[in-house]
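Each remark here refers to the structure printed beneath this line.
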Amino acid sequence: MKRIRLSPLLFRRIHKWVGLILGLQFVLWAFSGSMMALLDMDEVGGHDMAMAAAPPLPANAAFIDPAAIPGTGPVSGVTLRNLAGRPVYELHTARGLRLADATNGAPVTVDERIARAVANGMNGAPIRSVEALARPNLEAREHAGRMWRVNFADEANSSAYVSAETGRFLVMRGDTWRTWDFFWMLHNMDYVGRTSFNHPLIIFVGLSALWLSGTGFYLLFKSFGRADFRWLRRRRPAPKKGPALAP
């Protein structure tokens, strides 16, 4: 069986092909990072969207006692808030979160009408369509549970996400954010979830880059010989001769 010799030639061949593969990824890192830096930060974050404050609760409204609402069981927390112009209790029970009308105790379901009203409070553009999502998509991956996606007919092709469980506004996304998210995927190499920056693929590429640097230094020193430094010896001044002695 022929043994593999760990010679500079072998390292040079491996270094060449690994450098080619990693070089393509380095180009993607530089390109995606530059594109993300060029995009407007406010448009990426959706901060330019019109954010309307929820209207205050009526001061003279008669609210029912949360403890009097039937079928709730033990309650660990209660929040009174405005949901699409309607005062509701957000009840945290042993069976999960429940919404109830704060005036009569009737259960409240976050339907398409409520989702539209909540989304319109964040963006006044005309609504193009509404979708019910059983689970978060990539645009709303930071949140959990069922939700509504409300799509607007504006220049940014904005989409508002509203929780189908609480009726709270979650996040607003537009075309600028979607462009940024695509380059973020290329940058962190997470082509599935687009959230992790320490997954096995990027760790492998990072270790390969470290190996490439190490072998590069090794080959750098192996590429020099004594003949490469002859010019230094030629530039040395000749030794001075002492005065000649009289005969």
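The values are calculated or read from the model by the stated rules, or taken from the named source; none is laboratory data. Every value quoted in this text rests on a predicted model; they were computed, and no experiment measured them. Cβ coordinates were reconstructed from backbone atoms using ideal geometry, including for glycine residues, and neighbour counts include every protein chain displayed.
Worth pointing out:
- Of the listed requirements (1) surrounded by fewer than 15 Cβ atoms within 10 Å (Cβ to Cβ); (2) modelled with pLDDT under 80; (3) over 30 Å from residue 126 (Cα atoms), residue 30 misses just one: (2).
- The residues on offer are 134, 115, and the sole one that is buried (at least 19 other Cβ atoms within 10 Å of the Cβ) and modelled with pLDDT of 95 or more is 115.
- Where strands (runs of 3 or more DSSP E) fall entirely within segment 92-172, those with at least 1 residues that are touching a helix residue (DSSP H, G or I) at 6+ places or on another chain (Cβ under 8 Å) and over 29 Å from residue 75 (Cα atoms) are at 127-133, 147-152, 159-163.
- Residue within segment 182-191 that is closer than 25 Å to residue 110 by Cβ, touching a residue at least 24 places away in the same chain (Cβ under 8 Å) and not in a loop (DSSP other than H, G, I, E, B) present: no
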